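Comments concern the structure below.
Any read-out appearing in this document is the output of simple, stated calculations on the displayed coordinates, not a laboratory observation. What you see is a predicted model, and the numbers here were worked out from it, not measured in a lab. Cβ placement follows ideal geometry from the backbone for every residue including glycine, while neighbour counts extend to all protein chains displayed.
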Amino acid sequence: MREIELYQSEEKYSLSYIEDIIALNEKLPKDSLVLAAIKKDYDADNQEFEYEYKKAELAYNINLYNYYHYYVLDFFYRAIEGSLRNYQIGKSDFDILKEKGWLIFDTNFHIMTFDNRTVEQRYQDYFFTSFDNIFARIVIGEKGSPIDNYYKQSIDCFKHRLYFNCSLGLFSIIESLHQSLAKYDGSDFYEIKKNLDKVKDNVKEITQPIKTEVKHFQNLIDQLNDLISNHYFKRSKAIEDEPQIICRNRIAHGILSRDVSEKDCLQLFCVARTLNLLLTLKSADDNMKALEPKVQELSAAFKAIREKNNVENS
């Protein structure tokens, strides 16, 4: 009899679930082929292949549920692990960076150095020198999708110091990711500042998979909302002084009176990366919640089939 094995996680010596995610990412496509082959026989003869198909269908959906569950767990445990490290941005440095327009998505950045650079200079240099690892390697949306291609073009613009072009692309990507996180249905014009609370509520709905409450992701949304409202998407008139923090309104309407800088683009990359992370987490959580009743239903159906077979064979 053809079977789909239930995935068994190995004993862990760290809080990471990335190995489980990778293993299931490789296992699930193979299992889907096995399930499709069994279903083909089941569709041809419901009675003969009922037990085999229902058992495989249940196992496949349990593995799929666990795949998304491990995703959510990994996000939360990484947030906890980060909060326990020794070197963290102090409140005074955090306030300085926030005032300068930076989104702090990693409070464990080690800024203790023995030179004369300011906190902001060290933070900016960290992102510039680690650009490929932090920003260039991530996928926005589906790999090869239009938004992912636009993101790659923004990266190319940044590396060629075409900062104005880079910022235009990133503002578009940020708004698109924000729409997805707000579950925008496309029925009306989207105004990002009118959907801040909706996005915040959607992030709050994410399952807390462990007993320890983790507020890291809610804190990210609070930072994002503040920066979007007061800086990045703030209304700005041509007669007003040029904001020190990049403003989409001035770029989109041709009233920018200074050059777009490396710093401006790095700040926008931080926002795009954070929105993409939150959207990935929210999608995994939504998929996990959608699968839970299905797994329960399949489990009850398979139990009934197994009991019926036991009676018939006794």
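Would you be able to say whether some residue in the stretch 45-54 is over 22 Å from the mean Cα position of the chain (by Cα) and not in a helix (DSSP H, G or I)? Looking through the stretch 45-54, at least one residue is over 22 Å from the mean Cα position of the chain (by Cα) and not in a helix (DSSP H, G or I). Quick one: how many residues across the stretch 22-63 are aromatic (Phe, Trp, Tyr) and within 22 Å of GLU292 (Cα to Cα)? Total meeting the criteria: 3. Look at (1) more than 22 Å from GLY141 (Cα to Cα); (2) surrounded by 19 or more Cβ atoms within 10 Å (Cβ to Cβ) and you find that LEU220 fails only one, number (1). If you check ARG250, ARG235, ARG258 for being free of Cβ contacts under 8 Å to residues at least 24 places away in the same chain and surrounded by 17 or more Cβ atoms within 10 Å (Cβ to Cβ), only one passes: ARG250. Exactly one residue among ALA252, ALA284, ALA272 is of a type in the set (Gly, Ala, Ser) and within 21 Å of TYR70 (Cβ to Cβ), and that residue is ALA284.
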